[in-house]
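For reference, the structure is listed below as C-alpha cells.
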Protein chains: 2
Amino acid sequence: MYSLLPGLRVVEASSFVACPTAGLYLAQMGAEVIRVDQVGGGPDYRRWPRAPGGGSFYWEGLNKGKLSVAIDLSAPEGRELLTRIATQPGKQAGVFLTNFPVNGFLSWEKLSALRPDLVLTRVMGKPDGGPALDYTVASALGIPFITGPESMGEEPVNAVLPAWDLLTGAYAAFATLAALRHRDATGEGQEVRVPLADVGIATIANLGQLAETLQGGDRQRYGNEVFGAFGRDFVTRDGERLMLMAITPRQWKGLVSVLDIAEQVARIEAERGTSFATDEGERFRHRDALFPLVEQAAASRDSGELMEQLDAAGCCWGPYKRMEQAVRDPEMVGNNPLFSQIAQPSGESYAVPGAMATLPGLDRQEPSPARTLGADTERVLMDVVGLGSGEFSSLVDRGIVARAD
Amino acid sequence: MYSLLPGLRVVEASSFVACPTAGLYLAQMGAEVIRVDQVGGGPDYRRWPRAPGGGSFYWEGLNKGKLSVAIDLSAPEGRELLTRIATQPGKQAGVFLTNFPVNGFLSWEKLSALRPDLVLTRVMGKPDGGPALDYTVASALGIPFITGPESMGEEPVNAVLPAWDLLTGAYAAFATLAALRHRDATGEGQEVRVPLADVGIATIANLGQLAETLQGGDRQRYGNEVFGAFGRDFVTRDGERLMLMAITPRQWKGLVSVLDIAEQVARIEAERGTSFATDEGERFRHRDALFPLVEQAAASRDSGELMEQLDAAGCCWGPYKRMEQAVRDPEMVGNNPLFSQIAQPSGESYAVPGAMATLPGLDRQEPSPARTLGADTERVLMDVVGLGSGEFSSLVDRGIVARAD
C-alpha cells in the first residue's frame, strides 16, 4: 500500500472481478474505499476458491484494505442508505464504483440528483445493459478458436485467466481518476460506463487484429507459437520446458549466440533472401526453418547452463512452471517486497500482495487484510453519513444493516 | 475520444503493448501524448499484423491520436533531446511513460535532476530490470498447464491474448494519474515502476488462487468449464455452440426455467442434499450431474429460439463466434458508437475505436488516426522544446531527428 491518494473516499457497491479490482487498486494507492455488500454477503461472497473453513479466498483477495459495510439492498430503506453513502459531500468524496444495473436505483439520474458532481464509474456487461461476463466476451470475439494447438480442430479452447474482467477493472480505475481530474478542474461530475464487451472489441482493434481479420480472415491456430515474432516452447536435454522468445534485435542476437546457431541461421537467410536481425516478422515467416534449429540446440543443452547463458546475453525466456512452484518461488513471493504474510478473515494466514506498482520514493506500507463483512457498518453510518446511535440501532434491529457476524 | 484531460501533456518513449496502451488510453481521454520513436521506427514499428502495403496495423492501432516524434536515440544528442522533451516545465506537463531500461539514460536519477517533480511511469519486465514478456510471465506462473482440455496431458497451452501486457498497460495509466494527483497535492514527483512479473503474481494472489494453490496444490485442467461456477460450452440442435453461464441466483433461475429442467434439478438437489439456487460453488461441485442435463436440453433446442428465451430471462450466455464474424458484427463494430471508419497511415481505411469507456455527459469525438512516423518532430521540437529553425534544420541534416518520410 502507498499513501498516494490520501483522503480520497471511494464507495464501491459491486461484485465479481472487474469492479472490485478497480476498488482494490484505489485502496492500495491509499484511497479510503468503502465496500458495500448485501447483508449476509452478495453474490460473490462465497465464491471459489475457498479456504478449508469455508471463507472465500477470492472475496478476501479482492477486498483487501477496503472498509466493509453490510446493508440489505433489497429493502427500499437500505437502498436509500447506499445512495446517501455514495453521494456524501466533500471535494475528496463523491466517487462511486458499481456494477449494478444502469437503470435501477443506482442510475445516474437518481444519484446525480443527490450529488450533481458525482463521479460514477459503472462496470457493465454489454453497452446496452445486457449481461456479459469474461467468458462470453471471449467466446463472442472468437478467441477460443485461435487458442490451443491445430489438433483441436473445431473445438474452442477457453482461457482460464479472466483477462477481460481484469483489463476492465484496471481501465475503470484509470477512467475514474481521469473523471476526477476533470471534476477538480471544472466542478463537473460524470458517469463513466465501462462495458466488458466494448473493452473486448476495442482491444482487439487496438492490437491491429480487427483490421487484420477484416482483410485476411481469421488468424489460424498457432498453438504455443507467438504470432508475428520468434517465440515458442522448447525442451532442453534434461527435460525442462522453456518459453524462448526474441522480440528485439538484441534478444535475437543473444539467442543465436547462446545457441551457437549463427552459421545455420546465416545459411537460411542466404537461401531465402532475408535477414532476421531486425525484423521479427521475418523470424515468424520462416519459423519452419528456425524452429527445428532451435529445437535441436535446446535439446542438446542442460537447462541450468542454458538459463544462465540466456540471462547473461539479455535474452527473453521463461520457465514453464507449475503454479504450485510459482507460489512457492522466493523470487516471486517469499522475498518479493510486494508480499507480506498476513491473517485474512478466512482465518488463514498467507502471503498477500500490496500495490502491483513499486514507488521507490514512497514507503511501501504493509498490505491490509480484507475486513470481516459488516465490520465497518457502524462507523461508516455514524461518521460518514452522520446517523445517530439510536437511528443506527433501529436499522440493525430491523435488519436493514448488519454489523460483523 | 473525450476531452476529459485537456491540456495534460504526456511524453511516451516505448514500444510493444503494455506501455503504448497506457499512452493510448491517456490520449483517448484527451491528453496530448507525444510518442517518441527511433528514427526509421523502433523495434515495434513493423510489427505484425501488417497491411498489404507493409504498414503495421499493430503500430497504428496502439498509437492512435498521439503526436509522433522521430529521434535517433542511439546518438547522445538524440538522447539528450528526449530527456528535454520529457522534462519540460509546466503544471500540466512533466508526465513521462517509458519501458526503457531502469538504469539507462532515462533513469529516475537523470530525469529527476532535470525536473524533480516529474511523474515517470516505467513499465518493466521483472522488478530487477531483467527481461520478461507477456508469454514468459504466463509460463512462469503455470497458467499454460491449466489451460485447455485434460487430454492435453503434460502439454502446456499458451493463451493468445497478451493479457498481462494489457493489464499492465491499463494499470500503468491508472498509477500515472494517481501519482499526478499526488503531485498536484504535494508538489512531489514520483517514479512508478510497473513490472509485468509483479502484475502477474499479484493478480493470481488477488483472485485467491495463490492461497488456493498453497493449500491444495495445482488446480486441475477444467477444459472449457468455468472454475467454481456453472459454465461451459454447449451445442444446440442446429449445431451452434453457446457459452452458457450462471453466476448469480437470477441467472441460474433463468437458465433452469428456459431449459425446463426444474424437476430434474430438484431431484439432484434432493439426492445430494444441496441447493443450487444461491451457491454457485455447489453448481460447480455437482457439475457431473448438471452438465448432462443442460447438454440434453440444449441439444433439443434450436439456437434462435433458445437465444431469445435466454435473453428474455436475463441469462448470461454468449455465442462462440469466429473473429471474422465478430469484426463484421454490426452490434459490436458497425453500429457501435465507439467505432468510426477512418484512414490510417498504412493507407487502409477501417473501423477504429476511441475510448473504451462511454461518458454519456460528454461528446464522443471521432477517434484520431495514428500520425505518420515523425510527422510532429518539427512542431514538438520548436513549440515544446523551443528550438529555433536553424537548430532544428541542423539536427535534421545530421540525422539526429527526422521529419515524416
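The values are calculated or read from the model by the stated rules, or taken from the named source; none is laboratory data. Since the model is a prediction, treat every value here as computed from it, not as a measurement. Every residue, glycine as well, gets a Cβ built from its backbone with ideal geometry; the counts of neighbours run over all protein chains shown.
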Looking at (1) part of a helix (DSSP H, G or I); (2) touching a Lys or Arg at 6+ places or on another chain (Cβ under 6 Å), can you tell me which one A:F276 breaks?
(1)
Quick test for you: out of A:E212, A:E191, A:E155, A:E150, pick the one residue that is among the charged types (D, E, K, R) and touching a Leu at 6+ places or on another chain (Cβ under 7 Å).
A:E191
Which number in (1) under 23 Å from B:G148 (Cβ atoms); (2) free of Cβ contacts under 8 Å to residues at least 40 places away in the same chain marks the one condition that B:V256 misses?
(1)
Within the range B:216-224, identify whether any single residue is free of Cβ contacts under 8 Å to residues at least 12 places away in the same chain and either crowded, with 20+ Cβ neighbours inside 10 Å or not acidic (D, E) (or both), and answer yes or no.
yes
Among the residues of the range A:262-278, count how many are surrounded by fewer than 19 Cβ atoms within 10 Å (Cβ to Cβ) and either within 14 Å of chain B (Cβ to nearest Cβ) or within 39 Å of the chain's Cα centre (by Cα) (or both).
4
Subset of the range B:225-256, residues of a type in the set (V, I, T) and either surrounded by 23 or more Cβ atoms within 10 Å (Cβ to Cβ) or assigned by TED's automatic domain parsing to the domain that holds B:T147 (or both), comes to B:V226, B:I247, B:V256
For residues that are touching an Asp or Glu at 6+ places or on another chain (Cβ under 9 Å) and either of a type in the set (D, E, K, R) or closer than 20 Å to A:V102 by Cβ (or both), tally how many sit in the range A:1-20.
10
Under 9 Å by Cβ, and 6 or more places apart or on different chains, what pairs join a residue from the range A:80-107 that is closer than 24 Å to A:D128 by Cβ with one that is among the polar types (S, T, N, Q) and part of a helix (DSSP H, G or I)?
A:L97/A:T176; A:F105/A:T83; A:L106/A:T83
Criterion first (over 15 Å from B:M29 (Cα atoms), facing another protein chain (nearest Cβ under 7 Å), modelled with pLDDT under 95 and more than 17 Å from the chain's Cα centre (by Cα)) does A:P127 satisfy it?
no
Pick from B:R398, B:R322, B:R379: which is on the phi < 0 side of the Ramachandran plot and surrounded by 15 or more Cβ atoms within 10 Å (Cβ to Cβ)?
B:R322
Restricting to the range A:282-302, name every residue that is surrounded by 18 or more Cβ atoms within 10 Å (Cβ to Cβ) and within 14 Å of chain B (Cβ to nearest Cβ).
A:E282, A:R283, A:F284, A:H286, A:R287
Considering (1) within 11 Å of another protein chain (Cβ to nearest Cβ); (2) over 23 Å from the mean Cα position of the chain (by Cα), say which one B:M382 fails and leave the rest.
(1)
Residue among B:F100, B:F57, B:F105 that is touching an Asp or Glu at 6+ places or on another chain (Cβ under 6 Å) and closer than 30 Å to B:G40 by Cβ
B:F57
Step by step: first the residues of the range A:337-376, then only those that are polar (S, T, N, Q) and surrounded by 20 or more Cβ atoms within 10 Å (Cβ to Cβ), then the one that is nearest to the other protein chains (Cβ to nearest Cβ). Which residue is that?
A:T358
Subset of the range A:81-124 (residues that are more than 14 Å from chain B (Cβ to nearest Cβ) and of a type in the set (S, T, N, Q)):
A:T83, A:T87, A:Q88, A:T98
Select, from A:G148, A:G217, A:G153, the only residue that is more than 7 Å from chain B (Cβ to nearest Cβ), of a type outside the set (D, E, K, R) and on the phi > 0 side of the Ramachandran plot.
A:G153
One residue from A:A140, A:A185 being of a type in the set (A, V, I, L, M), crowded, with 24+ Cβ neighbours inside 10 Å and either facing another protein chain (nearest Cβ under 7 Å) or within 26 Å of A:V95 (Cβ to Cβ) (or both)
A:A140
Which one is farthest from A:Q28 (Cα to Cα) among residues in the range A:46-74 that are within 10 Å of chain B (Cβ to nearest Cβ) and among the hydroxyl-bearing types (S, T, Y)?
A:S56
Which one is surrounded by the fewest Cβ atoms within 10 Å (Cβ to Cβ), of the residues in the range B:107-121 that are among the aliphatic types (A, V, I, L, M) and in contact with a helix residue (DSSP H, G or I) (Cβ under 7 Å, 6 or more places away or on another chain)?
B:L114
Answer from A:G281, A:G304, A:G318 - the residue that is more than 23 Å from A:G228 (Cβ to Cβ), within 33 Å of the chain's Cα centre (by Cα) and either at pLDDT 95 or above or outside any loop (DSSP other than H, G, I, E, B) (or both)
A:G304
Output for the range B:93-129, where each listed residue is of a type in the set (S, T, Y) and under 21 Å from B:V199 (Cα atoms)
B:T98, B:T121
Residues of the range B:222-245 being closer than 21 Å to A:S56 by Cα and facing chain A (nearest Cβ under 10 Å), which ones?
B:Y222, B:E225, B:V226, B:F227, B:G228, B:A229, B:G231, B:M245
